[in-house]
Each structure stands twice: as structure tokens, then as C-alpha cells.
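Below is one structure, written out as C-alpha cells; the observations come after it.
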Amino acid sequence: MAGNSHTNLRAVNGEGHQVSLQHTSTDSPILPAENLKQLYAIDPALVDWVIKQTSEEAEHRRQQESRINVFVLIERMGGLVAGLLVSLFGISAGGYIILQGHDWAGVGICGTGLASIVSILVARQKANEKNNRANPAPSKPRRKPQPKK
């Protein structure tokens, strides 16, 4: 849903002169209807041009967001695969060292590899929780109950 922001300022000095300022901003992908009417009064072709440019920009933005989502997925999957390889290497190396008769050294290597992976996963989870608390998902506006007829 698009949000609008309206600002009206007015100042009057001691002599009765006044200055006023009006500003409207919107996060809608297209200009407000009043602005389109003003453009139409100047040149009717401008309205079609603005609508065409707006739709092209929206399509480009969607393509960029899709690309970004793919790259984020690749980055996350790459991190998971790298973590899996590191942990498997640590466990394999520790197991090999244990089989060579160095029990405590092998346990230390296995434990260090597992502890580092677990600590990274826990730290990541805490960071996600902190980020979710700092930027909660927007809630839907509450509707007033309608009286029964």
C-alpha cells in the first residue's frame, strides 16, 4: 500500500505578509492523479510517457530484485557448503589422527572443528533474531469492527 506525506507550512510576519509552502511526497510507483491532470493540461502525451516510463522502471526493479535474490541464495548456499566441507574435513582429519593412535589430538581437532561450526551457527542465529527485533515486519492496520445490521 502506498503511503503519502503532506506538509503545509505558513508564516506571517508582523506586517501581515505571509509565505506558505505545500509539499506532498508519495511512495506510490506512479504520480498522484492531481499531478497527472496537470501534465495532461500541459501536453496529453506526457501522461502516456510518464505511465510508460513508470511501468518500464517497475519491470527493471523487479528484474533487479530477482537477480539479487538469486545471488543471496547462491551466497547462503555457498556458505552452507563451505561450512559442511570444513566440518567434514575437521572430523575426517581428527578421525584419521585417532586411528593413528593419537587419541587426544584427534579428539581436540574434531572438537575444535565442531565447536567452530556450532559457534558460527549460534552467532548467526542471534544476529538474525537481533535484526528481526530491530526491523519487525510491518503489521496490517487494524480494522474497526463493523456494526451488525
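The values are calculated or read from the model by the stated rules, or taken from the named source; none is laboratory data. On a predicted model such as this, the values are computed, not experimentally measured, just so you know. With ideal geometry, Cβ positions are generated from the backbone for all residues, glycine too; neighbour counts draw on all protein chains shown. Heavy atoms of the whole protein, side chains included, go into the accessibility calculation; ligands, DNA and RNA do not. Shrake-Rupley method; radii C 1.70, N 1.55, O 1.52, S 1.80 Å.
Summary table
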{"item": "The chain: angle of helix 33-42 to the longest principal axis, Cα-based, in degrees nearest 10", "result": "60"}
{"item": "Percent accessible area from carbon and sulfur atoms, the chain, protein chains only, probe 1.4 Å", "result": "61"}
{"item": "Degrees, to the nearest 10: 103-134 long Cα axis against longest axis of the chain", "result": "10"}
{"item": "Residue (of Gln100, Leu80, Ser20) at the positive-pole extreme of the chain, dipole from beta-carbon charges", "result": "Ser20"}
{"item": "Furthest towards positive pole of dipole, His60, Pro29, Trp49, structure part the chain, Cβ charges", "result": "Pro29"}
{"item": "Relative contact order, percent, the chain [alpha-carbon distance under 8 Å, six or more residues apart]", "result": "11"}
{"item": "Rounded accessible area per residue of the chain, 1.4 Å, Å²", "result": "89"}
{"item": "Point-charge dipole on Cβ atoms (K/R +1, D/E -1) for the chain, about Cα centre, debye to 20", "result": "980"}
{"item": "Descending Cα extents along the principal axes, the chain, whole Å", "result": "95, 53, 41"}
{"item": "In degrees, nearest ten, helix 44-99 long axis to first principal axis of the chain (Cα)", "result": "10"}
{"item": "Sum of -39500 (n - 2.57) over DSSP H runs of 4+, divided by residues of the chain (222 nm, nearest 500)", "result": "-24000 deg cm²/dmol"}
{"item": "Within straight-line cross-link reach of Lys52, aspartates and glutamates at Cα separation under 19 Å, skipping those fewer than 8 residues along the same chain", "result": "Asp27, Glu34, Asp43"}
